[in-house]
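Undergrad: Below is one structure. I have some questions about it.
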Amino acid sequence: ERRSSGCQFYIVWGEQYNDSKMNQLDRQCEMQALNSTFSALAAQHRDEILQLRRDRNREGLMELQQQLEAEANAIVVEKGLGRMPKERKEAYKTVGGTPFLDGQYTVFGETEEGLDVVEKIQNAGTDEADRPLEDIKILSMTIID
């Protein structure tokens, strides 16, 4: 179960999404739902899969794979997984956001002023892991209730 980290956080400069980007995002969400559903089903059939591998039964493995793919598709369609609600789509189009973080991390604040500083952080050089080349420290902040 993913939860927000107690020691690291994101400062996000979200973007607005047009129809083309929203369609692409929808396809990605659907593929993620299919992959995670298939993986869960495969885990339930782990012993059977291992036995088919030990027996070198490729035909049996292919049949089971096709069966699990069909089950995963049916579950995704039945439960509406991978479909982004219309309200969220509209928010991405009008307000913007960062979809890859949604549902994964907790939003705990918003920058009300000092966006120039956020922009400088956004434009800082990063390494291949997207970590800043030089540490960026927050020296002070104010929490508003």
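Values in this text are rule-based calculations from the coordinates and carry no lab data. For clarity, every value in this text was computed on a predicted model and none was experimentally measured. Note: ideal-geometry Cβ built from the backbone for every residue, glycine included; neighbour counts use all protein chains shown.
Undergrad: Modelling each spin label as a point 7 Å along the Cα-to-Cβ direction, I'd like the A74/I136 distance in nm, to one decimal.
TA: Result for the modelled spin labels: 4.9 nm.
Undergrad: Something else now. Quick check: the angle from helix 58-79's long axis to the longest principal axis of the chain, C-alpha only, nearest 10 degrees?
TA: Helix 58-79 sits roughly 50 degrees off the main axis of the chain.
Undergrad: Return a single number: how many Lys pairs in the chain, at a sequence separation of 8 or more or on separate chains, have alpha-carbon atoms below 29 angstrom apart.
TA: Close lysine pairs found across the chain: 10.
Undergrad: Calculate, in nm to one decimal, what S20 and T126 gain on full extension: separation in residues at 0.36 nm each, minus their alpha carbon distance.
TA: Stretched fully, the S20-T126 segment lengthens by 35.3 nm.
Undergrad: So what is the 222 nm mean residue ellipticity for the chain from helices alone, if each DSSP H run of at least 4 adds -39500 (n - 2.57) and you divide by all residues, rounding to the nearest 500 deg cm²/dmol? Don't skip to the answer; put the middle values down first.
TA: Details: 5 runs with 74 residues, N = 145.
Value at 222 nm, helices only, nearest 500: -16500 deg cm²/dmol.
Undergrad: Through the Karplus equation 6.51 cos²θ - 1.76 cosθ + 1.60, θ set to phi - 60°, convert the phi angles of the stretch 117-126 into ³J(HN,Hα) values in whole Hz; use x for Gly and Pro.
TA: These are the phi-based 3J(HN,Hα) values: 5, 4, 5, 4, 5, 4, 8, 5, x, 10 Hz.
Undergrad: How far is the Cα center of the stretch 83-145 from the Cα center of the stretch 10-54, in Å?
TA: 23
Undergrad: Could I ask something else about it? Below 8 Å, C-alpha to C-alpha, sequence gap of six or more: please give me the relative contact order for the chain in percent. Don't skip to the end; give the middle numbers.
TA: Values: 83 pairs, mean separation 55.5, N = 145.
Across the chain, relative contact order equals 38 percent.
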